Every structure is written in structure tokens, then in C-alpha cells.
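Q: Mind having a look at this structure? Questions to follow.
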Amino acid sequence: MSAQTDPADLPGVTKRQGPGSGTPRLPGPRGGRDRKVGAPSGGGSGEGRVLNVFSHGVLVIWGLLVTMPLLWAVVSSFKDDTEIFGSPWGLPSVLHFDNWSRAWDKANMGQYFFNSLIVVGGSLIGTMLLGAMAAYVLARFDFPGNRFVYFLFVGGMGFPVILALVPLFFVMKNMALLDTYHGLILVYIAYSLPFTVFFLSGFFRTLPTSVAEAALIDGASHTRTFFQVMLPMAKPGLISVGIFNFLGQWNQYLLPTVLNVGDPDKKMLTQGLVALAVSQGYKGDWSGLFAGLTIAMLPVLAAYIVFQRQVVAGLTAGALK
């Protein structure tokens, strides 16, 4: 067997002294720095730049596909019908704010807006409170049937709502909850609880147990520990799941259509928007239709713009920990 040859003894290899001189270096390109023996030549940096440009280009295209229809609807809400069909991609010559007032008053979009605000506000508070309490217990306490209850909530996420519409209608009718705010609030809470419990239970598992144990040692009860210690620590997750629940409940159309059938003054914004699309389509009032559409989507856009950082922080908190 031949003895192994030291790379430093190879022709053209420069052995440097000083700190970090244990690895011999090969002469680099003319005018460049020496590189270590066995070190990559850096040929992959070009591929990384190409991939980076490609991924950013895809994101830009996707962003345009999402934002352009929204901007077009907002711009069209300030045009009259002639401008909408004459120059659909141009800016309005005059801002017609009367489109918004006509949709708000004559089409009853204002009444439908406040109905949705009452129902979604009440259901969101109930969903977050009950969901956080259930998720905390399932995540931090071991008791017989813990996993069974957890998987019941997980199974509820996969249950199609359309299969429960007929029995739900008769249950609500027998309990005199049709065409009522509180009846729809209860249904929205039940509809949103499975996802809320699933999301928050995983988030509560990432929180440190030492803080809760310190609070219990100091004499705090489990209720006080939950509301004053653990719940504030879970704020990013609460905001994230709250935004998702708000989006789902605000855009809900199927449930209010089935459960609000008698009183037209109790309709939700989605129901009013569909009625507006039908009536304004026959009348040819397309500017009022675009104004009503903009009124319906503004709260959703505002909620996400205000809480976008908290949403991203809540989604990545579990992975980072």
C-alpha cells in the first residue's frame, strides 16, 4: 500500500501559516482569492439567483391576479354605467359617490351590513372564547377521553355543512330560532369551533409550561392562569384564527339563506348582495352593483391589512418554536 499524499505537498498548493491555516489552499483565478481544497467553486450561486428571480416573478403574477379584480371593482364603483361599458379599464372622469349612497340606502345594503356586523361580532366572540378554553384543556391536561374529544373536533372539520342543513332547519324551527340574531350566532359558533380548537390546541402546546407552573405555585387558580397568563401569550395565534373565522363567517351565504327565510330585515350582507345583483342586473344599474360589492369586501380587506403581521406571526410561531 502506498502512503497517503498530503495535499500540501502537491505541486501548486500553497500552505499558509497563522490562524485557520490547517487547511491547504489552491491558487484561485488570476486576480482572485485562494480557495480551500475540497471547497465548492460557487457554481450554484447562479442557479440560486435564477430560482430566486423565478419565484419572485410567480409571486408578482399571482399578486396581480388577486389584486387587479379588486381594484377594478373599486374603480368601477365610482363610474357611471356609460363609463363602465365604454372604458372598462380607464379611470373615472368624475367620482360618482352617489353610487355608494344609492346602494347603501335604496338597496338596503346599510341594514344588511349592520345585520352581518351584529351576527359576526357575536359569533366571533363566542367562537374565540369557547374555542380557546376547549383547546387549552385538550392541549395542557391529560384525562381519559382527551384524544377522543380532540378527534371529534378534527372530524367536525371534514363534515360537509350541506348534509346538516335540513335537520338543522327543523331543529332551529322547533326551538323558535329561525330569523333571529342569536339563533344564527349559535350556528356560526358551532360551524367555526372545530377549526378553532384544532388550530389553537396546536398553538397552546408550543407555549412554555414553566410560566403556567410558576403562576400555579404563586397561588393562581387554573382559571386565572388561563385568562391572565396563557391567553395573553397566545395572542398571535388568537389573532390568526380570529381573522380566518371572521373571513369565513362574513362571507357565509348558505347558512343564513336557509335559516333567514321569513324576515327580509334580518338578511345578511351576502344575501343582500345576491338580491342586489339580481335586481340591479335587470335594471341595468351596474354602478350601484359595483358599489355594493365594494361595501361588502371593504371590512375583510381592512381586517387583513390591519392584522397582517399578527396573522403571519401566528402561523409561523408553532414552527419557529
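The values are calculated or read from the model by the stated rules, or taken from the named source; none is laboratory data. Since the structure is predicted, the reported quantities are computational estimates derived from the model, not experimental observations. Heads up, the Cβs are rebuilt from the backbone with ideal geometry, glycines too, and the neighbour counts pull from every protein chain shown. The accessibility values were calculated without ligands, DNA or RNA, using every heavy atom of the protein model including side chains. Shrake-Rupley method; radii C 1.70, N 1.55, O 1.52, S 1.80 Å.
Q: 7 Å from Cα along Cα→Cβ at both L163 and S101: what's the point-to-point distance in nm?
A: According to this spin-label approximation, the distance is 5.2 nm.
Q: Round to a whole angstrom and tell me the spacing of the C-alpha centers of the range 243-272 and the range 120-168.
A: What the calculation gives is 21 Å, centre to centre.
Q: Find the Rg to Rh ratio for the range 111-288, where Rh is the Kirkwood radius over alpha-carbon pairs and Rg uses the same atoms.
A: Answer for the range 111-288: 1.08.
Q: Then there is this: Express in nm, to one decimal, how much length is gained between T67 and S279 on full extension, taking 0.36 nm for each residue of separation and deducting their alpha carbon distance.
A: Once the chain is fully extended between T67 and S279, it gains 73.6 nm.
Q: With the other protein chains left in place, how much accessible area per residue, in square angstrom, belongs to the range 111-288 at a 1.4 angstrom probe?
A: Normalised by residue count, the accessible surface of the range 111-288 is 50 Å².
Q: While we're looking at this one, here's another question. Using a 1.4 Å probe on the protein heavy atoms, what percent of the accessible area of the range 111-288 belongs to carbon and sulfur?
A: The nonpolar share, carbon plus sulfur, comes to 71 percent.
Q: Compare the peptides 227-233, 255-261, 195-201 by average per-residue count of other Cβ atoms within 10 angstrom and give them in order, highest first.
A: Final packing ranking: 195-201, 255-261, 227-233.
Q: When the dipole is taken about the Cα centre of the range 111-288, and only Lys, Arg (+1) and Asp, Glu (-1) are charged at their Cβ, what size is it in debye, to the nearest 20?
A: 140
Q: If I model a spin label as a point 7 Å beyond the Cα along the Cα-Cβ vector, how far apart are those points for R224 and F143 in nm?
A: Between R224 and F143, the simple spin-label model gives 2.1 nm.
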